[in-house]
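Quick notes on the structure that follows.
The values are calculated or read from the model by the stated rules, or taken from the named source; none is laboratory data. The model shown is predicted, which means the values in this text are computed figures rather than measured ones. Neighbour counts are summed over all protein chains in view; Cβ atoms, including those assigned to glycine, are modelled from backbone coordinates with ideal geometry.
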Amino acid sequence: MADLRKEIEKRRTFAIISHPDAGKTTLTEKFLLYGGAINLAGSVKGKATARHAVSDWMEIEKQRGISVTSSVLQFNYDGYCINILDTPGHQDFSEDTYRTLMAADSAVMVIDGSKGVEAQTRKLFKVCVMRHIPIFTFINKMDRDANDTFDLLDEIEKELGIATCPVNWPIGSGKNFKGVYDRNTKKVMTFSDTLKGTKEGVETEYEIDDPRLCEVIGDEKKDLLMEEIELLDGASAEFDMELVSKGELSPVFFGSALTNFGVETFLQHFLQMTTSPLPRNADIGQIDPFSEDFSAFVFKIQANMNKAHRDRIAFMRICSGKFTAGMEVTHIQGGRKMKLSQPQQMMAQERKIVEEAYAGDIIGVFDPGIFSIGDTISTSADKFAFEGIPTFAPEHFARVRQVDTMKRKQFVKGITQIAQEGAIQIFQEYNTGMEEIIVGVVGVLQFDVLKFRLENEYNVEIRLDNLPYEHIRWIENKEIDLDKLSGTSDMKKIKDLKGNPLLLFVNSWSVGMTLDRNEGLMLSEFGRN
Ligand code: GDP
């Protein structure tokens, strides 16, 4: 019992969100370096994920293989057991990327100091906000010319709608980057770019009033720093841990992941400011992570790459208690008892069979096709189900037609099964049946996956015709009469498989216009299951 508590208390489970190339991989590598999980940075993952031309399944598999192996990393640091969840970007950006955030307890947002807030960060950030999880900002690449610091903070506040509180403050950037000032300790840590791939280098610290500091950073920079600190102390939000916990205030750090500057300080502050796993909502109320009963939910399902085996891996986030290999659990939605087979976990680069795991950890288990996204597994005598995982808005739409109309049955079966796995979403015209199917995906790669899998697993050839829609909204208030809805000319009414009405738009401003024209209409970017 005491052991269980100790194990869970040292858990920290977070996701790193960023736009591709902001430095997520580099930062992760440096974290692992501090944890002693790898010896030299530069070995976390191949960049094969970044560039590709999808032509065959093998290619997709290879990429998916990479995202499986890098989807969760666990390492120990300073008495903590840390789980980092990867949120894949580029073309393999998919609904899974969003779902991963459902498994995290907090998020680290990496921003390129010369680029500011970018598209993918913005999208992932919205999910963090919906979940009210703490969000920590690391402004990276300060060794390159960065935007004005006040402007960067302003941009985060305006674009993302979260208050910021700089924990440290950069002195210059690019060639003139001299280090960071810690607002708490009132010390300056001077920058040296000799630390790169190692953790041995010593960062030098000076008290703010140490005369030697002027020698290192120069009088001009020192004067400017004093001015900025004064301005900052007067203007920025006060640090309030409660607001941080609710995801309303983001502590901001500056550094350079590549040169290994400011990374360890960031990690230490982050660990102190976050908590071990918190209770999760279920239909019987909150489930205490320290409960003796094991419980978990499925947040991601990965179809097997091997065509001969249509099995899959279900990724689960443990929410309470302890998991031991071979234990008997109840799959709530399936209504039966079972053993979780071949439980796996990632430790740095290697995949291994887990013997035990605790609340906060992620395990992947062999799935013969019984799990669905959001399912609950537990050993509790109370049969409860965790709150479902929302459906996230696809951004690309296409009309699907089967080439051979005789294969109607296989087509409907195949596309429905693939949709159940959560890789794609399918919709119908509002007034017709299954004869017209519209597919929505979060990342365009999923179109290729769909086409390939239907051909290879179901022997059905399809044609995809892209549709111009980019925005989808679920209608929150059920009493709205779709026939009477007054929309824009680019709007299309559709329904999902359960018959729920949705709206598609080409332009984002049409969403606002439609809201204006229909009093009381409530639209959402997330679909509740
Ligand atoms: P990801 O796509 O977010 O995972 O980004 P990566 O970690 O792969 O980094 C993208 C590129 O930026 C790589 O070439 C890195 O070497 C480089 N990079 C990452 N961090 C820094 C940094 O702090 N300073 C500089 N100058 N380059 C960086």
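Here are the numbers for the structure shown:
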{"read-out": "Some residue of segment 149-160 being assigned to a helix (DSSP H, G or I), within 16 Å of the ligand (Cβ to nearest atom) and either farther than 30 Å from A103 by Cα or out of contact with any strand residue (DSSP E or B) (no Cβ under 9 Å at 6 or more places or on another chain) (or both)", "value": "yes"}
{"read-out": "Among the candidates L502, L515, residue that is assigned to a helix (DSSP H, G or I) and not basic (K, R)", "value": "L515"}
{"read-out": "Of all residues making up segment 377-402, the number that are at pLDDT 95 or above and out of contact with any Asp or Glu (no Cβ under 9 Å at 6 or more places or on another chain)", "value": "1"}
{"read-out": "Residue in segment 232-252 that is within 16 Å of the ligand (Cβ to nearest atom), outside any loop (DSSP other than H, G, I, E, B) and buried (at least 20 other Cβ atoms within 10 Å of the Cβ) present", "value": "yes"}
{"read-out": "Unmet requirement for T149, which otherwise passes all of (1) surrounded by fewer than 17 Cβ atoms within 10 Å (Cβ to Cβ); (2) at pLDDT 95 or above", "value": "(1)"}
{"read-out": "Selection from segment 440-475 of residues that are touching a helix residue (DSSP H, G or I) at 6+ places or on another chain (Cβ under 7 Å) and either assigned to a loop (DSSP other than H, G, I, E, B) or basic (K, R) (or both)", "value": "V442, G443, V444, R453, Y458, N459, V460, E461, R473"}
{"read-out": "Pairs, first of a type in the set (K, R) in segment 365-384, second assigned to a loop (DSSP other than H, G, I, E, B), C-beta under 7 Å, six or more apart", "value": "K383/I332"}
{"read-out": "Members of segment 267-298 that are over 15 Å from F14 (Cβ atoms) and part of a loop (DSSP other than H, G, I, E, B)", "value": "P279, D283, I284, D288, P289, F290, S291, E292, D293, F294"}
{"read-out": "Residue within segment 288-308 that is among the basic types (K, R), at pLDDT below 95 and surrounded by 18 or more Cβ atoms within 10 Å (Cβ to Cβ) present", "value": "yes"}
{"read-out": "Qualifying strands (runs of 3 or more DSSP E) (wholly inside segment 1-97; at least 2 residues being near the ligand (Cβ under 10 Å from one of its atoms) and either at pLDDT 90 or above or under 27 Å from G262 (Cβ atoms) (or both))", "value": "11-18"}
{"read-out": "Qualifying residue in segment 254-263 (condition: small (G, A, S) and more than 16 Å from the ligand (Cβ to nearest atom))", "value": "no"}
{"read-out": "The lone exception for V110 - which of (1) away from the ligand (no atom under 16 Å from the Cβ); (2) surrounded by 18 or more Cβ atoms within 10 Å (Cβ to Cβ) it fails", "value": "(1)"}
{"read-out": "Criterion violated by T274 - all others in (1) in contact (Cβ under 8 Å) with a residue 40 or more places away in the chain; (2) out of contact with any Lys or Arg (no Cβ under 9 Å at 6 or more places or on another chain) satisfied", "value": "(2)"}
{"read-out": "Those residues of segment 82-128 which are acidic (D, E), within 11 Å of the chain's Cα centre (by Cα) and over 23 Å from D448 (Cα atoms), in sequence order", "value": "D105"}
{"read-out": "Residue pairs meeting the criteria (Cβ under 8 Å; at least 6 apart or on separate chains; first modelled with pLDDT of 90 or more, in segment 403-423; second of a type in the set (K, R) and outside any helix (DSSP H, G or I))", "value": "V403/R463"}
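Condition check ((1) within 26 Å of the chain's Cα centre (by Cα); (2) surrounded by 13 or more Cβ atoms within 10 Å (Cβ to Cβ)) across all residues:
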{"position": "Y430", "(1), (2)": "no, yes"}
{"position": "G443", "(1), (2)": "yes, yes"}
{"position": "P468", "(1), (2)": "no, no"}
{"position": "L485", "(1), (2)": "no, yes"}
{"position": "T488", "(1), (2)": "no, yes"}
